[in-house]
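For reference, the structure discussed in these notes is given below.
The values are calculated or read from the model by the stated rules, or taken from the named source; none is laboratory data. Everything quoted here is computed from the prediction, not taken from an experiment. Every residue, glycine as well, gets a Cβ built from its backbone with ideal geometry; the counts of neighbours run over all protein chains shown.
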């Protein structure tokens, strides 16, 4: 059964479409914009424009955050990879260092073992003695002074002590001893050279440039006689006479028959032809030797170079 309609109810109004509802504000907005001044209209921002702007800002912020996160992850990944490479490199360095240490220890053991073998066994022992520089000294004199039993390991030979024993020979000025593996000792001898000679009751004594009386023997030709009161390596007049003799040129020294030094300030030279050289002190010895070489070309009997600034010939 149909209910009667309420007379109070008026006729129903048709519903407005949704688009019309949404278009109303826009129409109102547009109307408002239309009523704004022309200079202010471009600066006005409506709800839609604001919504679009906010959406764009959100997208930009999200993209920036994503880029920052990606960069952070990449940086972390690179840092982790570098640290891993450093760890690998450190590991390789440690292994290399350990190998070097092991090889060094092995070489040290080998060297020590070889040294002990050579020091305590006759594998490399002294069996041969080579002596050089001999003149008046004989091979037997040097060998006896060496005093190293054959078969002694070379490393046990004190070369300095052997050299001192050889240098103790009167005619030897110095000696050098060297090991030559596998089984040789080389002794190099420097003999004393006579510079002057002095007569003694037991015969002529030979003196070297240091004033050492090293032999009793006939003097070699051309060695002058020494005329001092107490000849020896510690006697000042002897030292003065020898200093003069060693400063002369060879052609002048060969003409000297006798050198006299009653004091350090009165050195004289007598030549083989009888001429006399007054030397005086040992001051400016080298200069006097040069002047004397020039003066001897002039005729005369006495050549005075005691004052090298005013040398004279008489």
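Kindly establish whether residue 176 is closer than 30 Å to residue 213 by Cβ, at pLDDT 85 or above, under 31 Å from the mean Cα position of the chain (by Cα) and surrounded by 13 or more Cβ atoms within 10 Å (Cβ to Cβ). Yes, satisfied. Residues in region 266-287 that are without any contact (Cβ under 8 Å) to a residue 24 or more places away in the chain and farther than 22 Å from residue 199 by Cβ: 283, 287.
Of the listed requirements (1) at positive phi; (2) surrounded by 13 or more Cβ atoms within 10 Å (Cβ to Cβ), residue 209 misses just one: (1).
For region 238-249, a tally of residues being touching a strand residue (DSSP E or B) at 6+ places or on another chain (Cβ under 8 Å) and either assigned to a helix (DSSP H, G or I) or farther than 18 Å from residue 289 by Cβ (or both) returns 6. Just one of the listed residues (256, 223, 252) is in contact with a strand residue (DSSP E or B) (Cβ under 8 Å, 6 or more places away or on another chain), farther than 30 Å from residue 168 by Cα and not assigned by TED's automatic domain parsing to the domain that holds residue 135, namely 256. Filtering 197, 190 for residues that are more than 39 Å from the chain's Cα centre (by Cα) and touching a residue at least 24 places away in the same chain (Cβ under 8 Å) leaves a single hit, 197. For region 259-304, filtering for residues that are part of a loop (DSSP other than H, G, I, E, B) and either out of contact with any strand residue (DSSP E or B) (no Cβ under 6 Å at 6 or more places or on another chain) or surrounded by fewer than 17 Cβ atoms within 10 Å (Cβ to Cβ) (or both) leaves 19. Take region 142-156 and flag every residue that is under 34 Å from the mean Cα position of the chain (by Cα) and crowded, with 17+ Cβ neighbours inside 10 Å. Answer for region 142-156, where residues must be under 34 Å from the mean Cα position of the chain (by Cα) and crowded, with 17+ Cβ neighbours inside 10 Å: 153, 154. Note on region 245-258: residues that are within 18 Å of residue 307 (Cα to Cα) and surrounded by fewer than 18 Cβ atoms within 10 Å (Cβ to Cβ) amount to 0.
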